[in-house]
Each structure stands twice: as structure tokens, then as C-alpha cells.
Amino acid sequence: MQDNNMSSIETQLSSLEKITEELESGKLPIDEAINLYTKGMELALSCKKNLDNLGQRIQLAKKNAHEAIELENVEFKDEE
């Protein structure tokens, strides 16, 4: 199952790669290059926010799993 945030990040990263290639070509007029650079920075910021969000979700999932394992261990010890 693919997460919408992950799909969005992949799409944004693909767009950033294209922007980088265009900027590195050196063939753009300065105004267009500045606009493209601005768009790239906005995409980079959006990617960072999405990655931070995914990181928080992973940490929460790890914490919940760890707590569930500890609870299971406590319950198992009580049964002995």
C-alpha cells in the first residue's frame, strides 16, 4: 500500500530533478531561471515538511509497537 504523502514526495522530487537539470543547463533567461529556482525552493520545503511528517508517524508507530510488546510481556508474566 503506497502512502499519498510518499507518492507526493516522489512526484515533488522528480519535479526538483527536472528543475535542477534545467537550471544546470545554463540555457534559461535569468528571469526564467529565478522563477524556476523559486519554484524549486518551494518544492524542497514542501518535501522537507512531508518527510518530517512521515518521520513523526514512523516514530509514533515504533513507540506504539514498543509499548504493545511491553504490555504483552507484562501480561505474559502475570499469567505465569
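The values are calculated or read from the model by the stated rules, or taken from the named source; none is laboratory data. These figures come from a predicted structure and were not determined experimentally. A quick note on method: Cβ atoms are made from the backbone with ideal geometry, for glycine too, and the neighbour counts reach across all protein chains shown.
Among the criteria (1) of a type outside the set (Val, Ile, Thr); (2) modelled with pLDDT under 95; (3) more than 11 Å from the chain's Cα centre (by Cα); (4) surrounded by 11 or more Cβ atoms within 10 Å (Cβ to Cβ), the one Tyr37 does not fulfil is (2). Among the residues of region 36-63, those identified as without any contact (Cβ under 8 Å) to a residue 40 or more places away in the chain and more than 13 Å from Leu16 (Cα to Cα) are Lys49, Asp52, Gly55, Gln56, Arg57, Ile58, Gln59, Leu60, Ala61, Lys62, Lys63.
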